[in-house]
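Visitor: Below you will find the structure I want to go over with you.
The values are calculated or read from the model by the stated rules, or taken from the named source; none is laboratory data. From a predicted model like this one, the values you see are computed outputs, not experimental measurements. Cβ atoms come from the backbone with ideal geometry, glycine included; neighbour counts cover every protein chain shown. Each accessible area value is taken on the protein alone, full model and side chains, heavy atoms only, with ligands, DNA and RNA left out. Shrake-Rupley method; radii C 1.70, N 1.55, O 1.52, S 1.80 Å.
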Amino acid sequence: MKKTILIISAATLFSCSKKGNENTAVISPEAKKIESINIERQKLNDRIAIRNQQNIFRDLSGTHKLKFTSDETSALFGTADFKKTGRDLYTVSGNAQSGKNTLEIKGTVKRVSEKHLNFEGVITQKINGTVFKRTSKTTFLDEGKGKFWRLQNKINGSGFVDYIDIYF
């Protein structure tokens, strides 16, 4: 009986010997190749994403002078703030004021060329007690008459010509 216990103990002792770190995963050469391709693809995708956020045209972020002139009233002066939200895409908000007459602009601007800004939002005018809102999509254009983009939808609700300019 003692011999049997001794033989079983010896067999157990030798069968449980440590052989090192067998838990380390062995990666096949094919898996290594696929992993390196995936790493390069991710780097390329990151570069493309950065490039897609860069403007095609000059950056408009910051504060710009805003001017309103009309046959009905004297000129209004103020500022418009542009905040970049995407590639050549900005949110714009600003106002101009002179006495009780005001102009407020709020919306988004997409710069589509060096001369064109597409505007979508609300332009609210309060001139001599009359409120007029412009809500349709419109364009500001550099007409070459100065360093500003001029609103192209110039006729207001009263039939008068309004000039709304954003300076660059």
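Visitor: For the chain, build the charge dipole from Cβ charges (+1 Lys, Arg; -1 Asp, Glu) around the Cα centre, then report which of L103, V92, S70 sits farthest towards its positive end.
Guide: Going by the Cα projections, it comes out as V92.
Visitor: Taking only Cα atoms, what is the 0 to 90° angle, nearest 10, from helix 29-53's long axis to the longest principal axis of the chain?
Guide: Between helix and principal axis, roughly 10 degrees.
Visitor: What is the log10 of I(q)/I(0) for region 23-94, computed with the Debye formula using one identical point scatterer on each Cα and no solvent, at q = 0.28 Å⁻¹?
Guide: Log-scaled intensity ratios, in q order: -1.14.
Visitor: Here is a further query. Using Cα atoms only, what is the angle between the long axis of helix 2-15 and the major principal axis of the chain, expressed in degrees (0 to 90) to the nearest 10?
Guide: 30 degrees
Visitor: Which label marks the calculated value of Cα Rg over 2.2 N^0.38 Å, given the options (i) 1.93; (ii) 0.99; (iii) 2.25?
Guide: (iii)
Visitor: Further, regarding this structure: First measure r as the distance between the Cβ atoms of N118 and R41, then evaluate 1/(1 + (r/R0)^6) with R0 = 30 Å and state the FRET efficiency to the nearest 0.05.
Guide: Values: r = 35 Å, r/R0 = 1.16.
Once the sixth-power term is evaluated, E becomes 0.30.
Visitor: Ok, one more. Give, rounded to the nearest 20 debye, the magnitude of the charge dipole that the chain has about its Cα centre when Lys and Arg contribute +1 at Cβ and Asp and Glu contribute -1 at Cβ.
Guide: Values: 29 positive and 17 negative charges, 156 e Å.
Charge dipole, the chain, about its Cα centre: 740 debye, nearest 20.
Visitor: Using a basic spin-label model with each label point 7 Å from the Cα along Cα→Cβ, how many nm lie between V131 and A49?
Guide: If labels sit at V131 and A49, their model points lie 4.4 nm apart.
Visitor: Carbon-plus-sulfur fraction of the accessible area of the chain, 1.4 Å probe, in percent? Present the calculation step by step, with values, prior to reporting the outcome.
Guide: Values: 6380 of 11490 Å².
Answer for the chain: carbon and sulfur cover 56 percent of the accessible area.
Visitor: For the chain, what relative contact order do you get, as a whole percent, if you take Cα pairs closer than 8 Å and at least 6 residues apart? Write down the numbers at each step before the final one.
Guide: Values: 293 pairs, mean separation 25.9, N = 168.
Relative contact order for the chain comes out at 15 percent.
Visitor: By average Cβ neighbour count within 10 Å, what is the ranking of 104-110, 162-168 from highest down?
Guide: Values: 104-110: 17.9, 162-168: 19.9.
The packing order, highest mean first, is 162-168, 104-110.
Visitor: If the chain between I7 and I155 were fully stretched, how many nm would it gain, using 0.36 nm times the residue separation less the Cα-Cα distance?
Guide: Details: separation 148, 0.36 × 148 = 53.28 nm, distance 10.71 nm.
Gain in length upon complete extension: 42.6 nm.
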